[in-house]
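The structure appears right after this line, and notes come after that.
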Amino acid sequence: MKNKILAAGLFITLLVMTGCNKFDEINTDPDTTTQVSASMMCTGIILDVAKFGGRDAKAYISEDALSKYVGYADEGQLGEQYNLIGSKDFGPMTILPNIEKMLEYAKGGVMENSYKGVAEFTKAYTFFILTMQMGDVPYSQAGNGNTGDYRPVYDQQKYIFKAILDGLKAADQDFANGVQFSGDPTPFNGDPVKWRQATNAFALKVLMTLSSKEADADLNVKTRFAGIVGANNLFTNPNSFFGLVYSSQNPHPLSGTNNLFTSRTLMSSLVIDSLKNLNDRRMYYYAEPSAAQIAGGKTPDDPSAYVGVDVSMDYSAMNAGYSANTYSLINNRYLAEQTSDPRMLISYAEQQLIIAEGIVRGWISGTAQDYYQTGVSAALTYLMNTKSSYAHGMAIDQNYINNYFTGDAAFRTSQADQLKQIWLQRYLLNFMQNAESSYFEYRRNHFPEFPINPATSMNANNPNAVPMRWLYPGSETNYNRANLIDALNRQYDGFDDINKLMWLLK
């Protein structure tokens, strides 16, 4: 019997060996390419950094909860809302072999410089996010698995930031020497001029992230910042952004969720009250009026009909308010529209606000008020692309924008107040957009002030604070333990804790 089984196994093996070519021939779609190109690799690489990487709509909401834009009711307490976060992983580093392949396929071609620019930009963006999340991470030895190096050292954060800035400088020159390239899924459509602008706008964002290290001679923050602004290869169109436009093929993460998330996602009082103080009509695009206020006779265009929740309040009390329709929900358009606001990771509006801060800090000369106003105006103008039917009778138009900068929105005179205005506008800009960026900004400035309630906080080791970082991947304990321990000892007194301060924050 055993010999029969062995003979059958050998027959099957021979059959597979002799028949695989015929099998491949039969099962190859003649209308589908079987050859990978730089263009195909480029598409995947850009999507790796530009597309929302969360598992579902709830993960999307969780990012906004961590940054205190929203509260979440009726389905279990959301850790991020109450200052509990866990670990991140090093999965984004898998972009590195793909970058190498893209450059290999592009070598010698007319689009080579443009693909080199994409490579430098996407690598810089990937490691910016990783180091901002965790601190020291593998960089110089990352992506060397194909050579058998499975235990990369953790590079110091300062070194990583310098490498990011140098990479973006190289990308700027690559795009300057580049041509229109294929495989770009962003609105830039392979235009090297727009990619160069985005690269430099991102470099300004990285440099402003390093504001506490402006005196570090190795990083040369202020000189780099001034050089980029002076070269003037930045966004000029108020509608410009790096990111993705949502479509039926790539719908907004909240769309079509059968009211599962929009009906449970409550607007925070931090957002609602800030918008009210500014007489800012973005409130009507971001939120729905409180159903209880409408039932009480108020109209949707009445600002007092909008009620935010203190996201640090007791969860059961918040649920009781939710059941009573006390609070404003996020705007229905996030559920109804597959093509809701595009995903804007780097925008003209943010660029202008960053430059305004650079002027206020004395890094460059100029009129900060002009950049503040052009940045905020661009943010308001972009919402004019949204259907006015979602604005509750308070649509943004040009006349409104022209008269926006009065009262609390008027640019202040003291440096401290000007900085707070700029930071608040960057915060409001990122609602349901790039919420993680707002968390990073909070760590830098501690403004706007996030509500913190030690009685409800899930941050066990420091209930009086928002966590300062994510933990390292648990898998590192098994596969790269020595280097992990070295990184923890160097930065965090040997403990992997969400409240420890990375180099950037010291």
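The values are calculated or read from the model by the stated rules, or taken from the named source; none is laboratory data. From a predicted model like this one, the values you see are computed outputs, not experimental measurements. Cβ atoms come from the backbone with ideal geometry, glycine included; neighbour counts cover every protein chain shown.
Points worth noting:
- Condition met for Ala292 (over 30 Å from Leu207 (Cβ atoms) and either in contact (Cβ under 8 Å) with a residue 24 or more places away in the chain or not assigned by TED's automatic domain parsing to the domain that holds Phe411 (or both)): yes
- Segments classed as helices (runs of 4 or more DSSP H), wholly inside the range 431-506, with at least 2 members that are more than 22 Å from Phe128 (Cβ to Cβ) and free of Cβ contacts under 8 Å to residues at least 24 places away in the same chain: 476-479, 481-492
- Restricting attention to the range 336-354 and to residues that are under 14 Å from Ala378 (Cα atoms) and among the hydrophobic types (A, V, I, L, M, F, W, C), the residue that is surrounded by the fewest Cβ atoms within 10 Å (Cβ to Cβ) turns out to be Ile354.
- Selection count where residues are touching a strand residue (DSSP E or B) at 6+ places or on another chain (Cβ under 6 Å) and hydroxyl-bearing (Ser, Thr, Tyr), scope the range 304-323: 1
- Residue satisfying condition, being crowded, with 22+ Cβ neighbours inside 10 Å, among the small types (Gly, Ala, Ser) and under 30 Å from Leu505 (Cα atoms), within set Ala226, Ala215, Ala201, Ala231: Ala201
- Of the residues making up the range 357-411, just one is among the acidic types (Asp, Glu) and buried (at least 16 other Cβ atoms within 10 Å of the Cβ), namely Glu357.
- Residues in the range 103-119 that are surrounded by fewer than 23 Cβ atoms within 10 Å (Cβ to Cβ) and not small (Gly, Ala, Ser): Leu103, Glu104, Tyr105, Lys107, Val110, Met111, Glu112, Asn113, Lys116.
- The residues of the range 328-348 that are over 27 Å from Val307 (Cα atoms) and touching a Pro at 6+ places or on another chain (Cβ under 7 Å) amount to a single one, Tyr348.
- Residue match in the range 177-186 (condition: crowded, with 23+ Cβ neighbours inside 10 Å, of a type outside the set (Lys, Arg) and either in contact with a helix residue (DSSP H, G or I) (Cβ under 6 Å, 6 or more places away or on another chain) or over 20 Å from Asn98 (Cα atoms) (or both)): yes
- Residue count for the range 200-246 satisfying the condition of being more than 21 Å from Ser347 (Cβ to Cβ) and of a type in the set (Ser, Thr, Tyr): 2.
- Considering the range 351-384, the residues that are in a helix (DSSP H, G or I) and small (Gly, Ala, Ser) include one that is farthest from Val206 (Cα to Cα), namely Ser377.
- Residue list for the range 36-71, restricted to those being surrounded by 24 or more Cβ atoms within 10 Å (Cβ to Cβ) and among the aromatic types (Phe, Trp, Tyr): Tyr69
- Within the range 72-81, tally of residues that are in contact (Cβ under 8 Å) with a residue 40 or more places away in the chain, crowded, with 18+ Cβ neighbours inside 10 Å and either over 20 Å from Met283 (Cβ atoms) or of a type in the set (Gly, Ala, Ser) (or both): 2
- One residue alone among Ser255, Ser247, Ser269, Ser240 is surrounded by fewer than 17 Cβ atoms within 10 Å (Cβ to Cβ) and of a type in the set (S, T, N, Q), and that residue is Ser247.
- Across the range 128-154, the number of residues qualifying as buried (at least 22 other Cβ atoms within 10 Å of the Cβ), under 21 Å from Thr477 (Cα atoms) and either of a type outside the set (A, V, I, L, M) or not assigned by TED's automatic domain parsing to the domain that holds Gln197 (or both) comes to 6.
- Of the numbered criteria (1) farther than 27 Å from Tyr60 by Cβ; (2) of a type in the set (Asp, Glu); (3) touching a helix residue (DSSP H, G or I) at 6+ places or on another chain (Cβ under 9 Å), the one Asp149 fails is (3).
- Yes/no for Tyr327 being buried (at least 22 other Cβ atoms within 10 Å of the Cβ) and part of a loop (DSSP other than H, G, I, E, B): yes
- The residues in the range 155-180 that are closer than 16 Å to Ala142 by Cα and either not assigned by TED's automatic domain parsing to the domain that holds Gly117 or not in a helix (DSSP H, G or I) (or both) can be counted, and the count is 2.
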